[in-house]
Amino acid sequence: MGSEEWSLGEKLLQEAEAEPEGSVRVLQKGNRRALPLFQKLCFAVGGAPYQMTGNAIGFFLQIFLLDVVQMEAFYASLIMFIGRIWDSFTDPVVGFLVCKSRRTRFGKLLPWILFSMPFGVASYFLLWFSPSYTMSWEYGFFWYLITYCAFHTSMSCFHVPYSALTMFLGGDQHDRDSATAYRMGVEVVATLAGAAIQGQIVGAYHTQTVETCHMIQNGTALNVTVPLVNSLNNTKWAYMLAAMVICSLYFLCTLILLLGVKEHTGCYAPKEHSHVSYLTGLKLVMSHRPYLSLTFGFLFVSLAFQLVQNNLALFCTHATSLGSNFQHIIIVILVSATIMVPFWQWVLVKFGKKSALFVGLIWYIPPLITIVTVNGNLPVIIVMAIAAGVSLAVAFLLPWSMLPDVVDDFRAKNPHCVDLEPLFYSFYVFFTKFATGASLGFSTLCLHFSGYRPGSCEHIPAVAKTLKVLMAPVPIMLVIIGLTIFYFYPINETRRRELKVELEGVVKSREVELEENTL
C-alpha cells in the first residue's frame, strides 16, 4: 500500500513521498483545507473552451452548412447526426482510457487536458475553413464530417477529464458546489463570448445576404449573382476569422487551468480498495438509481434546449423575417442567462437543488409558446428571449452541481470502489450527446423533407411551419418528460446532509485504521 493513496492534498502528498518506502502516514482531518478562491477561478476558466466552441457550433454550424456552404439539408443532417453519434461514443471510450491511465506527478487527468488541447484548436479552426467555393458535394461532405468528428474526439479528451476533475480539487462538499458555481458562471460567460464573437463577426455578412434576398423577392435587383457570390465569400472569411479568435481563447483558458489547478487524489480511498474491471464498474454505475434519474432527466431537458439552440438562427431567418437580428436575439438570451446564474445559485442553496430545477425549467415553457405565436414581433421576442435566458441558466448550473452529489451517494454505498468518477461523467455526457445527435439529425432531416433548399431566397410556408414545431411543441414535450423523471430523483437536501455525515464517517474509519497500523 503506497502512502500516495491516502493523500488529501498536495502538501500531505509531498510529505508522504519524502518518507521511507512503506511508511504509513496518519491522516488528520485538519489537512483537508478549504479550496482557495484562486484555484476555484482557475478551474472555472478551464470550462470556457468547451462551452465557447460547443455553443458557437450549436448556434451557427447548421446555418453555416445550409446557407453559407450551401450543402443539401440531407447531407448536412448526416454530418450533424454522424458527428454527434461519434461524439457520444468517444466519451465512454475516453472515460475508460482515463480510468486505466497511470497517475503521474501532475495527476491522472491534467495530462489528458494538456495533450488534447493542440488537436482541439486545430480541428475547430478547420471545421470553419472552406477549402473551395466550388468544391463538389462529396468533397465538402467528407471534409466537414471528418473535421467535425476530429473536433469532438479532441474535445472528449479535454472535457471528460476536466469534468471528473471536480471530484479531485480538494476541499469538501461545499467547496465543490462553490467551484461548480464559479465554473457555471464562467461557462455561461464563455457561451456568451462564443456566440457574440461568432455572431458579431459573421452577422453583418448574413445581413447582406438577407438584404440581397429581399431585393430578389421585391424584384428590385437586376443582376444579383455577383453580389450573392461576393457576400458568401466574405461570410466564409468572417467565419474563419471568428474561429481564429475562439481558438486563441481556447489556448489561453487551457493554459490558465493547467497552471492554476493542482489535482488531488481521492479523499475517501479505503485501506484495501478495489480497482474493479471496466465492465464491473460500468454495471455498478448503471445500476445506481440516482445516476439513472439524473442522466435520463437531463437527457430530455438537454434535447429541448439543443433543439431551440440549433434552430433559432434558421427560425429567425426563414419563419419570422428577422434574419438580420438573430445574432442580437442570441446575445440577449445569453446575457440574461449569465446574469441569472448567481441568482439560481442562491436559490439552490436556500431552497434546494431539486426545487430550483423544477421552478427554472417550468419557466422555460411560456417564452417558447410566445416566440412562435407573435409572428416576428421583435420587441416581444426580445422580452421572451430574456425570459428564456432565465431558464437557460438553470440548464447550465444544475446538471454539474447535482452530479457530484450522485457520485458521493455512490461512494457512500460502495466505499471500496475507487477511480470510477470518469465513468459517471463520461456516460452522463454519452447519453446526452447520443440523444442530442439524433435530434439534430432529425430536425435537419425534417427541413429537408419540408422542402428547404440551400441558397434559395424563396419563402416556403412548409419550412416555416416545421421550424415553429421544432421551436416550441417538441421542446415543451421534452421538458415535461424530463420533469416527470426528476420527480423520482431521490437526492434531496436531507439526503445531501446525510451523505456529508456518511462520507466523514468513511474518512474517520480510515484514520482509525491507519492509527492501528502505526501501533
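Structure data summary
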{"item": "Inter-label distance for ARG453 and ARG289, nm, one decimal - labels placed 7 Å from Cα along Cα-to-Cβ", "result": "5.7"}
{"item": "Of the chymotrypsin sites (Phe, Trp or Tyr not before Pro) in the range 446-500, those whose Cβ has at most 13 other Cβ within 10 Å and which sit in DSSP loop", "result": "TYR487, PHE488"}
{"item": "Computed E for ASN375/LYS262 - FRET, C-beta separation, R0 60 angstrom, nearest 0.05", "result": "0.65"}
{"item": "Stretchable slack from PHE488 to ALA462, in nm (0.36 nm times residue separation minus alpha-carbon distance)", "result": "5.4 nm"}
{"item": "Amide N proximity, the range 396-421 versus VAL349 label position 7 Å along Cα-to-Cβ, cut-off under 19 Å", "result": "396-405"}
{"item": "In Å², nearest 10: area of MET477 left accessible to a 1.4 Å probe", "result": "110"}
{"item": "VAL390, VAL245, ranked by accessible area, largest first (probe 1.4 Å)", "result": "VAL245, VAL390"}
{"item": "Residue-level accessible surface for HIS459, protein heavy atoms, 1.4 Å, Å²", "result": "110"}
{"item": "Listed residues ASP405, ASP67 arranged by accessible area, highest first, probe 1.4 Å", "result": "ASP67, ASP405"}
{"item": "Surface per residue (accessible, 1.4 Å probe) for the range 51-126, Å²", "result": "39"}
{"item": "26 Å Cα-Cα threshold exceeded, pairs from LYS108/LYS350; LYS354/LYS413; LYS108/LYS413", "result": "LYS108/LYS350"}
{"item": "By accessible area with a 1.4 Å probe, ligands and nucleic acids excluded, highest first: order of GLU493, GLU187", "result": "GLU493, GLU187"}
{"item": "Given charges at beta-carbon only (K, R positive; D, E negative), |dipole| of the range 330-428 in Debye", "result": "260"}
{"item": "Whichever lysines have a C-alpha closer than 29 Å to that of LYS468, once near sequence neighbours (fewer than 8 apart) are set aside", "result": "LYS236, LYS433"}
{"item": "Counted charge near SER355, where neighbours are those whose Cβ lies closer than 15 Å (Asp, Glu -1; Lys, Arg +1)", "result": "+3"}
{"item": "Probe 1.4 Å, protein heavy atoms only - accessible area per residue of the range 363-425 in square angstrom", "result": "30"}
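The values are calculated or read from the model by the stated rules, or taken from the named source; none is laboratory data. Remember, predicted model here, so these are calculated numbers, not experimental data. In this analysis, Cβ positions are derived from the backbone assuming ideal geometry, glycine residues included, and neighbour counts consider all displayed protein chains. When the accessible area is computed, the model is the full protein with side chains, heavy atoms only, and any ligands, DNA or RNA have been set aside. Shrake-Rupley method; radii C 1.70, N 1.55, O 1.52, S 1.80 Å.
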